[in-house]
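To keep things clear, I will list the structure first and then write my remarks on it.
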Amino acid sequence: ASNQAAIVIIGTGLAGYGLVRELRKYDKDSPVIMITADDGRAYSKPMLSTGFTKNTDADALAQKDAGGMGEDLNASVWTLTKVTAIDTTAQIITIGDQETQVHYKKLVLALGADVIRPPIQGDAQNYVYSVNDLLDYDDFRTAIAKNNVKKVCIIGGGLIGCEFTNDLINGGFETETVDPLGYCLPTLLPEAAGKAVQAGLEAKGAKFHFGPLVTEVNKSADGLEVSLNNGEKISCDLVLSAVGVRPQIKLAQDAGITVNRGIATNRLLETSAANVYAMGDCAEVAGHVLVYVAPLMAQARALAKTLTGEPTEVSYPAMPVTIKTPACPVTVSPAPRDAKGTWEIEQDGVNVVARFVGTDGELLGFALTGEGTKQKMALQKLLPAIMP
Ligand code: FAD
């Protein structure tokens, strides 16, 4: 029976749809079922943090609905459908509370990442938004319009927090951004580069609070009051939480599949369970958790071949990430997680070229801001591949 069963893909983000697009290059007809907890609209997630700059609401960002995607990909797309369990021995998944079960020949977990919710007290927690998919984005824009929002407090000064800070400034809002660490993008950039981003955003009117944690969000006479653990208060009309994401591992973990920071796979994207694969933000591929678009595209290309009979390991070249803060452009290529080395920094105002150099003098990563971003191509060529 297993031979007649479909390839089942859980998730219709860039990973899930990207995979089936690649798969159909090699195999036009094998049955494919795609299952998603959301409405299955195809959209580019990175565009969620440029919506005010480009004046695009959720409908404008949606490229196609689930029906249209199903037609294009010759796949059956099940929307608003949550997978609740996987039986890796019988090769069956369970849907919702009902006893609906689906048999799979191959199963691909493309579940994405969950937003981390910081522990916040107070009587206005329902004014704390996070934007990690198109439906969240729609809710956030609706709340902005409904509450006549002028000022937004952003929790988190990392990639997503800084991108939204810049985007909201471009949209004409006031912003105050809070981060417990010392400068913008603290986990990706050395201090000189992070301070350059801060200066670029401040020049456009952004305000930052580095050092404290947000403890409470409460209603006030004319909006909201955000309390910080250093005693400061910020008044605003809405709060956006952007403290990071965490690979979705629970479904796999509950099924007895090996998980670590993400769902663990080898370079064939095979999990510890036979015929179960993982890719995209939920996956930890040979030890790498990289929650960006370029890695998932590389995975989609490799896995499409593997699923159609040509086992293909995924390779990662160096993949610099461009951060969408036009107030101070940033391109960063983080060094491998446990790489040993030091930053060598050249700086001219907000223009920074920072090289992360290993103990043998080899370039392992870089962080570029402002005019420094022009060095991207030249430096990228010198970087080693992440997974050759
Ligand atoms: P998702 O798009 O999250 O898809 C997960 C899917 O799984 C969804 O369809 C969901 O419904 C489904 N699902 C989960 N659990 C279940 C279940 N139990 N049952 C059924 N369905 C389920 N990356 C870059 O490279 N460059 C950028 O500039 C950039 N900007 C970004 C800006 C923002 C604001 C954000 C949030 C991210 C950004 N990223 C960027 C990261 C990038 O967008 C992600 O790496 C990528 O979109 C992840 O795609 P995915 O398909 O793995 O996950």
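The values are calculated or read from the model by the stated rules, or taken from the named source; none is laboratory data. These numbers come from a predicted model, not from an experiment. Every residue, glycine as well, gets a Cβ built from its backbone with ideal geometry; the counts of neighbours run over all protein chains shown.
Descriptive notes on the structure:
- Qualifying residue in region 287-304 (condition: charged (D, E, K, R) and assigned to a loop (DSSP other than H, G, I, E, B)): no
- When residues of region 27-42 are limited to those that are crowded, with 23+ Cβ neighbours inside 10 Å and assigned to a loop (DSSP other than H, G, I, E, B), the one farthest from the ligand (Cβ to nearest atom): GLY40
- Among the residues listed as LEU303, LEU290, the single one being buried (at least 16 other Cβ atoms within 10 Å of the Cβ) and within 15 Å of the chain's Cα centre (by Cα): LEU290
- With respect to the conditions (1) within 10 Å of the ligand (Cβ to nearest atom); (2) under 23 Å from ILE249 (Cα atoms); (3) not hydroxyl-bearing (Ser, Thr, Tyr), GLY51 lacks only one, and its number is (2).
- Residue within region 152-168 that is farther than 16 Å from ALA327 by Cα and among the polar types (S, T, N, Q) present: no
- Strands (runs of 3 or more DSSP E) completely within region 83-142 that count 3 or more residues being within 30 Å of GLU225 (Cα to Cα): 113-115
- Residue in region 246-254 that is surrounded by fewer than 17 Cβ atoms within 10 Å (Cβ to Cβ), touching a residue at least 60 places away in the same chain (Cβ under 8 Å) and either within 16 Å of the ligand (Cβ to nearest atom) or among the polar types (S, T, N, Q) (or both) present: yes
- Some residue of region 58-66 being within 15 Å of the ligand (Cβ to nearest atom) and over 30 Å from PRO326 (Cα atoms): yes
- Scan of region 255-270 for residues that are more than 15 Å from the ligand (Cβ to nearest atom) and of a type in the set (S, T, N, Q), ordered by number: THR258, ASN260, ASN266
- Set side by side, the residues ASP123, ASP139, ASP133, ASP167 differ, and just one is of a type in the set (D, E, K, R) and free of Cβ contacts under 8 Å to residues at least 60 places away in the same chain, which is ASP139.
- Residue match in region 99-106 (condition: farther than 24 Å from ALA302 by Cβ, basic (Lys, Arg) and surrounded by 15 or more Cβ atoms within 10 Å (Cβ to Cβ)): no
- There is no residue in region 191-208 that is surrounded by 20 or more Cβ atoms within 10 Å (Cβ to Cβ), of a type in the set (Val, Ile, Thr) and over 21 Å from PRO334 (Cα atoms).
- Selection within region 321-361 - farther than 14 Å from ILE386 by Cβ and charged (D, E, K, R): LYS324, LYS340, GLU344, GLU346, ASP348, ARG355, ASP360
- Residue in region 313-320 that is more than 22 Å from the chain's Cα centre (by Cα), on the phi < 0 side of the Ramachandran plot and at pLDDT 95 or above present: yes
- Condition met for ILE154 (part of a strand (DSSP E or B) and either modelled with pLDDT under 95 or more than 14 Å from THR36 (Cβ to Cβ) (or both)): yes
- For region 56-74, filtered to residues that are in a loop (DSSP other than H, G, I, E, B) and touching a residue at least 60 places away in the same chain (Cβ under 8 Å), the residue that is farthest from ARG141 (Cα to Cα) is ALA62.
- The set of residues in region 271-286 that are over 11 Å from ARG261 (Cβ atoms) and either at pLDDT below 95 or part of a helix (DSSP H, G or I) (or both) comprises GLY280, ASP281.
- Tabulated pairs, region 279-308, first at negative phi and among the basic types (Lys, Arg), second more than 10 Å from the ligand (Cβ to nearest atom) and not in a helix (DSSP H, G or I), C-beta under 7 angstrom, 6+ apart or interchain: LYS305/THR312
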